[in-house]
Amino acid sequence: MKRKKSEDIKTIMKNIYPSLGLISWARSKGTFGWIAALGFALIIGFFTIFDAAKIPFVSDILNKVYERPLPASSSKKLTVAIVHIDGDQNDEVQKMIVHSLIDVPGFEVVRFDRHIDILTTDDPSTAEENSKKIAKKLLIEAQADLLIWGYVLADKEKTVRVMLSPRLVDTKFDTKIPSDLAAEFPVSAHAVFESAVKTQILAYVSQIDPSKYVYPELEKLISKLELAIKGWPNGAGKASMQISLGSAYHVYASQTGDIAALKKAATYYQEAVDHTDDVMVKSEALNQLGATQRELGERLQDEPTLQAAIDSYKKAMQYISASKTPLAWGSLNSNIGIIQNIISKIKINSDISRQSIISHKAALTVFSRENDPENWALIQMSLGNSLTTLGGIEKSEPSLQEALFAYNKSLIVNNKKDHPYYWAMVKNNLAATYLSLADVSKNKHYLFDARNELNDALQVYSKSDTPLYWGMAKHNLGLIAYQQAMLEHDVGKLNEANDLYIEALSARTKDRSPGAWSETEFALAESLATLGAVVQDKKILRQAAESYKLSLTVKSFRDEMAKNALVNINEDLNK
């Protein structure tokens, strides 16, 4: 990886020996500080100043001496932290990034006197992954929400590779664009550079705090970039702008349910893949394309789109390896596992479900509670989802029990205090597993466990803030009531199930999430059909038929069951 020297080390070192900074630092650190300072002074005596600076612990001392303390970030605002950009003479790029955000209220921008070095290496992806670990530690130390860092590439156009490392926080929204984003922008076109970087930053910020200030600004930036990109030559710069546009559309689609915007995001990501030969930019675009295709395929319950997402992730995997970039490799495996699980549910295919479990377990060979607790916990949750799917398909109680074990591991990190939305998600997923256990074992006590988990989830979910998750919880409560009705022969529970499904449909609309809407229409139809048959009421049977017909307007694995049910209802109505 070629880059410009971040600073003239000789110039800095020439001023260090007589500096009082070393004495002040040593005094603040006590005995260890004085020993380190003495060792440093001895090294200066035995080696040239330039060579001494290359020694790792000497470099650390220099950083401690000359870096100012981190400024305190406000707990009341989102904090975007910017460190020195490697190779950025006089902090010109850093100043441009700060300037691009100066007119956007809702969060604070803090410049940190820190530097993340990108080591010169023949494998840039390895260097970046190592630097991401440093960025994450600094992000935690600074208590910031987003850290901006990067480096200037040694090219004629002075291209900057901008890195965004967000704090992993759970959000009330359904989907997040992939973390640790990287994009390359030419600095020469100041206005375009500022707009592109600003778009990426706002795309992240809007996921955590979608305030009224962010969206108008995103809309303006989309217009600017779409205009600028028309005459831009193909290459990494254009591809990065297309990634920025894809991110903006993706976030908007995730939070509004706008499928057209989601398709637009996928188009821009695909164009980014097609318009550059830069391996790292292409890999980034493929990663984000896969995330968008996954969300689109899940909402539409469309297997070809989901398979396209797997293909995008596998193409991205060609540029990394488990040995050199283990965390990136693990993340891609887990993402593939999530999609395989969705497909296995659509096709009711246990073999695909097993592939999903293998993918998640592969990811867990590189993610641990010690090296990355947040992502480890999320992968445990995804593993639990896949085990629940397998247990439901095969009516396997051991698989379902293993799913409970994985979910409870996830809750070690995803607790209510630190990660309320992830906590609620795991609670909802636990409820689904208990529902399957009740069905497999015919033990109604599991239904009480399921209801308790959903009531926990509804402490966090609300119809106004999290409509799709709230609707999912209401749908699952309907399933519990229906199963209780079947086990206890209780007509009242059937009426309760119908009311809950109708509540769920007020949030799980066809426009917002066609697949979820169809699922609840089918469940409502099934419950109405059972009630109509029990009380022998043809009006209720007609309502059931109408719900079955509505569910068939969105293709799903339930289609044959819905068609057969309609035949039976029509026979009952004609008697």
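The values are calculated or read from the model by the stated rules, or taken from the named source; none is laboratory data. In this text, all values refer to a predicted model and were calculated from it rather than measured experimentally. Methodologically, a virtual Cβ is constructed for each residue, glycine included, from the backbone with ideal geometry; neighbour enumeration extends over all protein chains shown. Please note that ligands, DNA and RNA were not included when accessible areas were found on the heavy atoms of the full protein model with its side chains. Shrake-Rupley method; radii C 1.70, N 1.55, O 1.52, S 1.80 Å.
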From the phi angles alone, apply the Karplus equation (6.51, -1.76, 1.60; θ = phi - 60°) to segment 296-310 and give each ³J(HN,Hα) in whole Hz, x where the residue is Gly or Pro. 5, x, 5, 5, 8, 6, 10, 4, x, 5, 5, 5, 4, 5, 4
With 26 Å as the limit, write out which pairs from Lys95/Lys264; Lys95/Lys220; Lys224/Lys463 have Cα-Cα distances beyond it, or answer none. Lys95/Lys264; Lys224/Lys463
Burial ranking of peptide ranges 550-559, 226-235, 259-268 (average Cβ count within 10 Å, highest at the top): 259-268, 550-559, 226-235
Placing +1 on the Cβ of each Lys and Arg and -1 on the Cβ of each Asp and Glu in segment 461-574, which of Leu528, Thr553, Tyr482 has its Cα farthest towards the positive end of the resulting dipole? Thr553
Ratio to report: Rg/Rh of segment 233-354, with Cα atoms as the point set and Rh obtained by the Kirkwood method; give two decimals. 0.99
So, relative contact order of segment 461-574 in percent, Cα under 8 Å, 6 or more apart, is 20
Please report, in debye to the nearest 20, how large the charge dipole of segment 461-574 is about its Cα centre when each Lys and Arg carries +1 at its beta carbon and each Asp and Glu carries -1 there. 320
To the nearest 20 Debye, how big is the dipole of segment 220-341 about its Cα centre, given +1 on the beta carbon of each Lys and Arg and -1 on that of each Asp and Glu? 260
With a 1.4 Å probe and all protein chains kept in place, how do Glu519, Glu284 rank by accessible area, largest first? Glu519, Glu284
Where the centre of each part is set by its Cα atoms, how far does segment 470-542 sit from segment 400-450, in angstrom? 22
For segment 268-319 and segment 324-338, what is the separation of their C-alpha centers, rounded to whole Å? 14
Calculate the spin-label point distance for Asp113 paired with Asp490, positioning each point 7 Å from the Cα along the beta-carbon direction, and give it in nanometres. 6.7
Averaged per residue, what accessible surface does segment 461-574 expose to a 1.4 Å probe, in Å²? 46
Could you tell me what fraction of 2.2 N^0.38 Å the Cα radius of gyration of segment 422-464 comes to, as a two-decimal ratio? 1.18
Residues in segment 322-363, backbone N under 16 Å from the label point at Asp311 (7 Å along the Cα-to-beta-carbon vector): list them, ranges by number please. 340
Evaluate the distance, in nm, between pseudo-label points positioned 7 Å from the Cα of Val279 and of Asn234 along their respective Cα→Cβ axes. 2.0
Heavy atoms only, probe 1.4 Å: what % of the accessible area of segment 461-574 goes to carbon and sulfur, would you let me know? 51
Flagged as over-length at 26 Å C-alpha distance, from Lys345/Lys444; Lys137/Lys417; Lys549/Lys575; Lys314/Lys345; Lys347/Lys416, the pairs are Lys347/Lys416
Per the 1.4 Å probe, what fraction of the accessible area of segment 214-342, in percent, lies on carbon and sulfur atoms? 51
Dimensionless Rg ratio for segment 357-444, taking C-alpha atoms and the 2.2 N^0.38 Å reference: 1.07
Students often check this: by mean Cβ neighbours within 10 Å, which of 530-541, 239-250 ranks highest, and how do the rest follow? 239-250, 530-541
Taking the dipole about the Cα centre of segment 216-293, with the C-beta of Lys and Arg at +1 and of Asp and Glu at -1, give me whichever of Gly290, Ala236, Gly257 is farthest to the positive side. Gly257
Sort segment 410-506 into rounded, prolate or oblate with this rule: let a ≥ b ≥ c be the square roots of the eigenvalues of the Cα gyration tensor; rounded if a/c is under 1.5, and if a/c is not under 1.5, prolate when a/b is larger than b/c, oblate otherwise. oblate
Using a 1.4 Å probe and ignoring any ligands, DNA or RNA, find the accessible area of Val440 and quote it in Å² to the nearest 10. 40
Could you state the per residue volume, in Å³, of the convex hull enclosing the Cα atoms of segment 461-574? 92
Return the Rg/Rh value of segment 521-575, two decimal places, where both radii are evaluated on C-alpha atoms and Rh is the Kirkwood radius. 0.95
